[in-house]
1. Of everything in the stretch B:86-111 that's among the acidic types (Asp, Glu) and more than 13 Å from B:Pro23 (Cβ to Cβ), which residue is farthest from the other protein chains (Cβ to nearest Cβ)?
2. Looking only at the stretch B:235-248, which residues are under 21 Å from B:Gln196 (Cβ atoms), more than 18 Å from the chain's Cα centre (by Cα) and buried (at least 17 other Cβ atoms within 10 Å of the Cβ)?
3. Among the residues of the stretch A:119-151, which ones are in contact with a Lys or Arg (Cβ under 7 Å, 6 or more places away or on another chain) and within 20 Å of A:Pro177 (Cα to Cα)?
4. Of all residues in the stretch B:115-133, count the ones that are more than 8 Å from chain A (Cβ to nearest Cβ) and crowded, with 19+ Cβ neighbours inside 10 Å.
5. Restricting to the stretch B:109-120, what's the tally of residues that are within 22 Å of the chain's Cα centre (by Cα) and either over 18 Å from A:Ala255 (Cβ atoms) or hydrophobic (A, V, I, L, M, F, W, C) (or both)?
6. So, of the residues in the stretch A:101-117 that are within 23 Å of the chain's Cα centre (by Cα) and under 22 Å from A:Ala151 (Cα atoms), which turns out to be surrounded by the fewest Cβ atoms within 10 Å (Cβ to Cβ)?
7. Of all helices (runs of 4 or more DSSP H) completely enclosed by the stretch A:85-197, which ones contain at least 1 residues that are among the acidic types (Asp, Glu) and within 14 Å of chain B (Cβ to nearest Cβ)?
8. When the stretch A:209-227 is examined, which residues are found to be without any contact (Cβ under 8 Å) to a residue 40 or more places away in the chain and of a type outside the set (A, V, I, L, M)?
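The values are calculated or read from the model by the stated rules, or taken from the named source; none is laboratory data. Just so you know, these numbers come straight off a predicted model, no measurement behind them. Using ideal geometry, Cβ is built from the backbone for each residue, glycine included, and neighbour counts are taken over all protein chains shown.
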Amino acid sequence: MSRAASRTGAALRPGLPPFLACLALLLAWQIAARFLAVGGVPDALSTFRELPAIIGDREALGEIAASLRRMGAGFGLALLFSVPLGLLMGRSRLVSALVNPLLMVGYPVPKAALMPLIMLWLGVGDAAKILVIVLGVSLPIIYHSRQGARAVEEKLLWSAAAMGMSGPARLARIVLPAALPEILVGCRTGIVLALITMITSEMIARQTGAGNILFNALDMAQYETVYAMILVVSALGIALDVLFERLRSGLTGWAEPIPSPAIAPA
Amino acid sequence: MSEALSAPLAGRGAPAVPHPGPPMIGMAGVTKTFKRRDGGTHLALDTIDLDVAPGEFVSILGPSGCGKSTLLYIVGGFVAPSGGKVTVSGDPVTGPGPDRGPVFQEFALFPWKTVLGNVAYGLREGGLSRRDAEARAGELIERVGLKGYERFYPQALSGGMKQRVAIARTLAYGPKILLMDEPFGALDAHTRIKLQNQLLELWERDRKTVLFVTHAVDEAVFLSDRVAVMSRQPGRIKEVVAIDLPRPRHRDELLLDRRYQRHVIDLERMIEDPPDLAS
């Protein structure tokens, strides 16, 4: 079976299938837009023609950069408290019993729905948007940190304790690295959620940012700009995900399955 | 600490030779009860009394579920007893400490550390500089026959190699007692024999005190000075048998030795469960 898989793998270049899939999607878009001719749906070609206008526009780039800054700040802040909290919950029944009900209540609340309230406290500036991103991102990171900490083998902790390591030190130096692969699964979900909450927050508190450009264009019926902006945001999302994957395999390469020799050329 | 605690060779194999001063490990009236789901209690260990002399190799032999590992965890300070007390060189055990080094069946290596990082870990914890710790770790890795594997992560190693890393990691920080919890239980027969030989070689060099949990009769006889046989439900020590076989021991000679065969047969009968409990 693995031999057959490697044969088809050898026939296709690794980048080819995704490229073909994208091409097919664009083609379908082009044809659908042409033949259905629904109002407000530009075809693929004219959307791509609009891209240089956004990428070449200093002001637009500045807005996108501001969006990314807020997203980074929100993600970083969330990471700072979510990972320790999740690890504590995973190792202490008391902490878990205290915090879990709060999380259960908070879980189904759409974080963007809190935006108007937060704007009342913090205004329409960066602080409100960053806070919404923090809220949007933290739950999956807490959840996965907790799962990771729970799954840590008791005997790893015992081995460290026998070396004289104290309880708090074990949390930072044994539980954290042992749970890292699982924590990073939460972070990956978190990054996508950060991107989503970023755009949504800018849609509600319109002032700056990529979301602002998008919805202003929508108001002015500049549909090519709307679609081009969606493409830009999606590309950002994919780029962030790829970067994160790189980081992840660098940090937790020790947990990766060993490449089987069957994959290597004979 | 007391590195020079090698026991005299004479008297080896005799049951609990009267020894000046406290035993290396003293277990007195140790009991352990667990809460059952239905609210009742389950008596896992019932008044265990056992002393281990400095430099002695003692095995706890019993069927699975007899509480022998729990007893080892109590000596390690990882699990608190429900009653009785455990002492190490006369001092009561209140928690884990670097004087007692565990080796687990599950290896319990730090997967994010290389072989070298694992073996050096306890030394770094003890305050050694990175350089000194790695130099000492390198020596131990060589001693357990893993030279050349220093930069490997545990995931890339076989079970036998992992356990050798775990033994080196524990020996590295110089515990005076080794607590071995079915260390070769997860290995195939061939690797198991290899590691038993290697453990005996290592032990005959530094004569650390060893408490060794196993359910394999031949392993207990081959390695030990004394074997404490446990029964289950509740876990009790049925009998303590002195293994009067000369050292250094060699497997091929022992297998032909009448006394070895006698011990194996006797112990096998002893750990047989009463028919109503056999599973």
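1. Per the criteria, the residue is B:Asp99.
2. Once the filter is applied, which keeps residues that are under 21 Å from B:Gln196 (Cβ atoms), more than 18 Å from the chain's Cα centre (by Cα) and buried (at least 17 other Cβ atoms within 10 Å of the Cβ), the stretch B:235-248 yields only B:Leu245.
3. Once the filter is applied, which keeps residues that are in contact with a Lys or Arg (Cβ under 7 Å, 6 or more places away or on another chain) and within 20 Å of A:Pro177 (Cα to Cα), the stretch A:119-151 yields only A:Ala149.
4. Count: 8.
5. Selection size over the stretch B:109-120: 5.
6. A:Met104
7. A:154-162
8. A:Phe215, A:Asn216, A:Asp219, A:Gln222
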